[in-house]
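The values are calculated or read from the model by the stated rules, or taken from the named source; none is laboratory data. None of these values were measured; they are calculated from a predicted model. With ideal geometry, Cβ positions are generated from the backbone for all residues, glycine too; neighbour counts draw on all protein chains shown. Each accessible area value is taken on the protein alone, full model and side chains, heavy atoms only, with ligands, DNA and RNA left out. Shrake-Rupley method; radii C 1.70, N 1.55, O 1.52, S 1.80 Å.
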Number of protein chains: 2
Amino acid sequence: MQIEIVAIGDEVLRGAVVNSNAAWMSRHLLERGFSVARHTALPDDLCLLESGLKEALSRSSLVITTGGLGSTCDDHTRQVAAKLFGSDFHFNEQVASDLCQRFGDGLQSLKDQATVPSQADLLLNRIGTAPGLIFSKEEKMLILLPGVPQEMEQMLLEQVIPYLIQRFPHVRQKISIQMHFCHLYESLVDPILRELKEIYPAVEVGIYPGLALLTVSLHAEEKAQAQIEGFCAALKQRFATYLFSMKSGKIEQVIHDLFLQKKKRLALAESCTGGMMAARLTALPGASAYFLGSLVVYSNQMKQDLLGVSEKTLGEKGAVSRETVVEMLEGVFERTEANFGIAVVGIAGPSGGSKEKPVGTVWAALGERGQKPDVGTFLTRGDRQMRISSTTNHLFGACWRLISQGIAPFPFFQ
Amino acid sequence: MQIEIVAIGDEVLRGAVVNSNAAWMSRHLLERGFSVARHTALPDDLCLLESGLKEALSRSSLVITTGGLGSTCDDHTRQVAAKLFGSDFHFNEQVASDLCQRFGDGLQSLKDQATVPSQADLLLNRIGTAPGLIFSKEEKMLILLPGVPQEMEQMLLEQVIPYLIQRFPHVRQKISIQMHFCHLYESLVDPILRELKEIYPAVEVGIYPGLALLTVSLHAEEKAQAQIEGFCAALKQRFATYLFSMKSGKIEQVIHDLFLQKKKRLALAESCTGGMMAARLTALPGASAYFLGSLVVYSNQMKQDLLGVSEKTLGEKGAVSRETVVEMLEGVFERTEANFGIAVVGIAGPSGGSKEKPVGTVWAALGERGQKPDVGTFLTRGDRQMRISSTTNHLFGACWRLISQGIAPFPFFQ
């Protein structure tokens, strides 16, 4: 079975939108044994769309599209698919009543969205208005999904993948292992991966550096299970204290789970990360069970007024200094009921650096209430956004290694 | 002239890497008048690669590939391209000496990288080791670029685009206009776009809904300049108070510019947005000139301790209430030197909702120091992340409309 993914929309071909849907879908399909042979992006042009989908269906037995399912003037995917599969349209009461219930009966696109191809199976859209569609004929299948990532993701995971597993029970899941590391660099891992690849040749290896994080992915056929397990165990043993997860690549998920498990309460004092650390933690449902909040003290005056950092320290040592960040952490413990705190200052750039404190310089303090905090400095690379993200990842990594393994976070391994 | 972009690499089809190169290239090519008709991603498989490139060259006159130019076992792009254009290989002294100079004569891939197809023009790689290649025959052109974004970007901007402009002097730059709106919904704009499209048929229209934001993009040939200007002016007139920018689609950029221009100082009190508002503002360089900080008071205790919200209010009215958010804003003005403040509470979900206050309920207060604040409630849709982002966009939109145009932000137009 050959699978292709087709993104539809001028915005993709104009470069206004990066087609991240294709990667996301490929990853999740591959996990269930469905490997994708081609990605395509096609424009909102009736003729090019029709010929593009025809080509894809002639090459492959399953084509999954994203986008072009809306009811505006530039959405043609349903029409083209219905034409290719010789289907007419009808008004579907069930879709209409679901839309009514979720969006009220004033929804302008209701009639349009509830008018669906008669020969397609419907996929429920729990978030947006456009239902997904499955066309099937003579060993060829065309699945249409919305282009909005959240809508597509929910539909693929909850409906499409279970449907495919049922329809193609012979497809064998490949074994796939994701190993997520913090505080570890590509140049350290790469030689080890090459050695292990010689010992376990049936294992395919990918190495994907992130911002202060690193993911190694291993893939193998089921028959090579012993090899992939051997590979994984060897890597685990070599870099045990850096391996923060084999599920989520989000280091904040590990912090979340750790604080819930240890029943600790966390509060932050953020300057250079500007709220990013808090935003990453609160993006996860249930954060309120351990996360008290963050004092985003961007100005020096707020560092004084809200955290009690002394004017003298700020004047003599500067905002980006060991002394300031220590006083910020003390302020967190004085003003909140946290029993663990992280404070961070830095120069995110592009300007504001000096010879002594270049752009990218970060000072951070973290620790338990009543204990001497760990305090240290490190340098981040890249542009402003990359520096803010890698500071966040670095500090979450440091916090995880400290609490779960008692490893002193400074100096960083870099 | 039809143009296609082809990304080559299993990592793209496995979803380990998002193909952001295609969007980047499309955007830069379009700016110079070269519009791209299709994106494709192909695997590192000799047969599939050959057939995929053959197909692309049969459809289009210019195909640009990225990736597969390295010297490892899975890199086949040069071989396949040389076969398609009937070219042999030769050792190129110039490439070899350039590589020697930049990487030393110990470079393992030197011989391989300096052995290039005889019938291709070379593109200098100033960053990495693989030169780019231009094949050309009978009105068909195939350009091979490296997959590493920095190497590709430098080569495209400095060498490929100048080459294309010289080779195709008749290609005219298209006129392209982006209009970014807040507090406006697709269903309200779409009928107007359809009307305008009848009056100005030479204008291509795209409509891209974001989270509480909406972008309309207009494109036209240079000869249709009057039409695209008419279209744009009509749309501007109809939705003037919602049009926040014709440059950046980031509403926080407008807040940034507005506060700098008005010389106001902003501070926030965030509960349900969890630091996202502060993080979005501080992502922009120079935010420290107007942004003092944010009190991310996620727990009720912090709402009391740091902002002085009364226990009585929290007990009787609840954290998600008009009274709480008003007291939070008062706390911001008492504890900071801001002259403008925004406070927000809400239920981001997925749990925590009730019949009276369903998941998605938001209460917000905003205004000048010393003035009666604007206070209101609205409901956000989608999942947790979407609710947090749309709350942020909604409130930045409200803040911009209030300060720049004196428009009361509540109730929202929704």
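Quick notes on this structure:
- A:Thr72 being at the interface with another protein chain (Cβ under 8 Å from one of its Cβ atoms) and free of Cβ contacts under 8 Å to residues at least 12 places away in the same chain: yes
- Among the residues of region B:8-20, just one is within 18 Å of the chain's Cα centre (by Cα) and crowded, with 22+ Cβ neighbours inside 10 Å, namely B:Asn19.
- Among residues of region B:26-48, those that are in contact with a helix residue (DSSP H, G or I) (Cβ under 8 Å, 6 or more places away or on another chain), at the interface with chain A (Cβ under 7 Å from one of its Cβ atoms) and open to solvent by 50 Å² or more (accessible area, probe 1.4 Å), counted: 0
- When B:Glu337, B:Glu356 are checked against the criterion of being acidic (Asp, Glu), touching a residue at least 40 places away in the same chain (Cβ under 8 Å) and open to solvent by 10 Å² or more (accessible area, probe 1.4 Å), B:Glu337 stands alone in meeting it.
- Residues located in region A:287-321, provided they are small (Gly, Ala, Ser), touching a helix residue (DSSP H, G or I) at 6+ places or on another chain (Cβ under 6 Å) and part of a loop (DSSP other than H, G, I, E, B): A:Gly308, A:Ala319
- Selection status of B:Ala23, out of contact with any Ser or Thr (no Cβ under 6 Å at 6 or more places or on another chain) and either among the small types (Gly, Ala, Ser) or open to solvent by less than 10 Å² (accessible area, probe 1.4 Å) (or both): yes
- Single match in B:Gly308, B:Gly353, B:Gly346, B:Gly315 (criterion: farther than 22 Å from B:Phe259 by Cβ, at pLDDT below 95 and of a type in the set (Gly, Ala, Ser)): B:Gly353
- Note on region A:159-185: residues that are under 20 Å from B:Arg14 (Cα atoms), open to solvent by 40 Å² or more (accessible area, probe 1.4 Å) and assigned to a helix (DSSP H, G or I) total 2.
- Per-region count, region A:141-193, residues within 18 Å of A:Asp121 (Cα to Cα) and among the hydrophobic types (A, V, I, L, M, F, W, C): 14
- Matching residues in region A:1-55 - criterion: being touching a residue at least 40 places away in the same chain (Cβ under 8 Å), in contact with an Asp or Glu (Cβ under 9 Å, 6 or more places away or on another chain) and of a type in the set (Asp, Glu): A:Asp10
- Summed over region A:369-393, residues that are within 18 Å of the chain's Cα centre (by Cα), at pLDDT 95 or above and not hydroxyl-bearing (Ser, Thr, Tyr) total 2.
- Close pairs (6 angstrom Cβ cut-off, 6 or more residues apart or separate chains): over 12 Å from B:Thr361 (Cβ atoms) in region B:309-325, in a loop (DSSP other than H, G, I, E, B) anywhere: B:Thr324/B:Val309
- Of the criteria (1) in contact (Cβ under 8 Å) with a residue 60 or more places away in the chain; (2) touching a Leu at 6+ places or on another chain (Cβ under 9 Å); (3) at the interface with chain A (Cβ under 7 Å from one of its Cβ atoms), which one B:Leu329 fails: (3)
- The set of residues in region A:49-69 being polar (S, T, N, Q), within 14 Å of chain B (Cβ to nearest Cβ) and surrounded by fewer than 18 Cβ atoms within 10 Å (Cβ to Cβ) consists of A:Ser51, A:Ser58.
- Options A:Leu124, A:Leu84: the member that is open to solvent by 20 Å² or more (accessible area, probe 1.4 Å) and at pLDDT 95 or above: A:Leu84
- Matching option when the condition is crowded, with 16+ Cβ neighbours inside 10 Å, among the aromatic types (Phe, Trp, Tyr) and farther than 18 Å from B:Ile251 by Cβ, among B:Trp400, B:Trp363: B:Trp363
- The selection criterion, being surrounded by fewer than 15 Cβ atoms within 10 Å (Cβ to Cβ) and under 16 Å from the mean Cα position of the chain (by Cα), does not hold for B:Lys263.
- Test: residue in region B:219-238 that is closer than 20 Å to B:Leu29 by Cα and within 23 Å of the chain's Cα centre (by Cα): yes
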